[in-house]
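These notes are about the structure you will find just below.
The values are calculated or read from the model by the stated rules, or taken from the named source; none is laboratory data. Since we're looking at a predicted model, the values are computed, not measured. For neighbour counting, all protein chains shown are included, and Cβ atoms are generated from backbone atoms with ideal geometry for every residue, glycine included. The accessibility values were calculated without ligands, DNA or RNA, using every heavy atom of the protein model including side chains. Shrake-Rupley method; radii C 1.70, N 1.55, O 1.52, S 1.80 Å.
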Amino acid sequence: MSGAADDDVATMRIALALARRGLGNTWPNPAVGAVVWKPGSQGPIILGRGWTQPGGRPHAEPVALAQAGAAARGATLSVTLEPCSHFGKTGPCSHAIIEAGIARVVSAIEDPDPRVNGRGHIILRAHGIDVTVGVLGREARWGNRGFIKRMVEGRPMVTVKLAQTADGFAGATGGPRLMITGPDAQARVHMLRAQHDAIMVGVGTVLADDPQLTCRLPGLEARSPVRVVLDSDLRTPAASLLARTAREVPTWVIAAADAPAGREASLLAAGVVVERVPRGPAGQGLDLLAALGAVAARGVTRVLCEGGPTLADALAAVGQVDALELITGPEPLGRPGLPAIGPALARFIDHDPHVERTHPVPLGRDLWQSFARRR
Ligand code: AOF
Ligand code: ZN
């Protein structure tokens, strides 16, 4: 027979797995998972499961409670984030939990949203519900680190994806685009896209490759993230694929405050959102912190940067790389080229004590290695 604490952990693990289904699909809300259960002689009996739905509503708890129905009375709810206490599009989850007759709530972490921030737990306790907080809190914080970073710092979590040749180059300098990685790695990149709210590139990538930046995995086409172009001088062509498909998949162009307004009209007419932020130091490019802030202000919690080594290194230089997905192809470039890893990203990989790494894992003919910064 398992103990009560074991059941709390086991059901929270299930809730965390449910929560992960929502990643990339719930912004501006966090991706939450919830399980309604009762203890049984052989371990917990699951009565209902829920996760935050696309666009962030319904929240996870009402989904799990609806599935449990009348069985929720007297049951326990394990949830990966404090149940909300504010009135949004519907009433607060804390009220729904009370009304369903839940006897006990196991919660992983407090919700950093200032509208909640401990009040959800207080309301539950005030109604006689037994509340345990902190079960698998580290894992829950990790899963929703994009949402938490946005709430606490006003910026999204940033994952950088880089492909390099076997000798460490992202491509030939100024040369045509290289196909470095194979189809298995490509498919995984598309999966990564689905798990992020937005993809970010520089305008150079748009001009050179005219990419689509959508998720093209069977069944996940609707999970394409917002496309964000860092474009200080508004050079994104209205005829680019990104602009032409802006009504199907949102496209945001972040330009410098002083970029010529005349270049904006055709983009706006195509349905592109244009945001203005200050230029970077010495008038170079954009102020990246401000650009990330603008993206977060629109609700984005998780950004995948596919903008190549220069943008990746600039993000690392301002301390904004939270994770790196590094794919190494089987062939060397065999001549001098553009190094994939710049100096700031090299420090992230080799000298940041908070960065954890996986072993490189074979994927087709490529190697895939992940790095992530625990703050
Ligand atoms: C929960 N369960 O599944 C989620 C929660 O705009 P609203 O009204 O939907 O509220 C968004 C806030 O609700 C969000 O910032 C976060 O605090 C919380 N998200 N809460 O109880 C959930 N996704
Ligand atoms: Zn809620």
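Taking a 1.4 Å probe, which of Arg227, Arg20, Arg125 shows the most accessible area, and what order do the others take after it? The partial results should precede the final answer.
Values: Arg227 0, Arg20 140, Arg125 120 Å².
So, going from the largest accessible area down, we get Arg20, Arg125, Arg227.
Hey, can you find the accessible area per residue of the range 271-312 for me, probe 1.4 Å, expressed in square angstrom? If you can, show how the numbers build up before the last one.
Working: 1460 Å² over 42 residues.
On a per-residue basis, 35 Å².
Excluding His354 itself, calculate the net charge of residues whose Cβ lies under 11 Å from the Cβ of His354, where each Lys or Arg counts +1 and each Asp or Glu counts -1. Intermediate results must be reported in sequence, preceding the final value.
Values: positive: Arg373, Arg374, Arg375; negative: Asp322, Asp352, Glu356.
Taking every other residue near His354 into account, the sum is 0.
Hey, what do the phi angles of the range 71-80 turn into as Karplus ³J(HN,Hα) couplings, whole Hz, using 6.51/-1.76/1.60 and θ = phi - 60°, x for Gly and Pro?
So the J values, rounded to whole Hz, are 5, 5, 4, x, 8, 9, 10, 9, 9, 7.
Trypsin sites (Lys or Arg not before Pro) within the range 21-77: which are DSSP loop residues with at most 16 other Cβ atoms inside 10 Å? Write down the numbers at each step before the final one.
Details: sites: Arg21, Arg49, Arg73; in loops: Arg21, Arg73.
Passing sites in the range 21-77 are Arg21, Arg73.
In terms of modelled amide H atoms, which long-range or inter-chain residues lie less than 5 Å from the amide H of Asp111?
Glu82, Asn117, Gly118
For the chain, with all protein chains present and a 1.4 Å probe, just round the carbon and sulfur fraction of the accessible area to a whole percent.
Details: 9020 of 16250 Å².
Of all accessible area on the chain, carbon and sulfur atoms account for 56 percent.
Determine the calculated [θ] at 222 nm for the chain from helices alone, applying -39500 (n - 2.57) to every DSSP H run no shorter than 4 residues and normalising by the residue count; nearest 500 deg cm²/dmol.
-8500 deg cm²/dmol
Once you list every other residue whose beta carbon is under 13 Å from the beta carbon of Ala316, what net charge do they have if Lys and Arg are +1 and Asp and Glu are -1?
Summing Lys and Arg as +1 and Asp and Glu as -1 gives -2.
Measure nothing fancy, just the Cα-based angle from helix 308-317's long axis to the longest principal axis of the chain, in degrees from 0 to 90, nearest 10.
60
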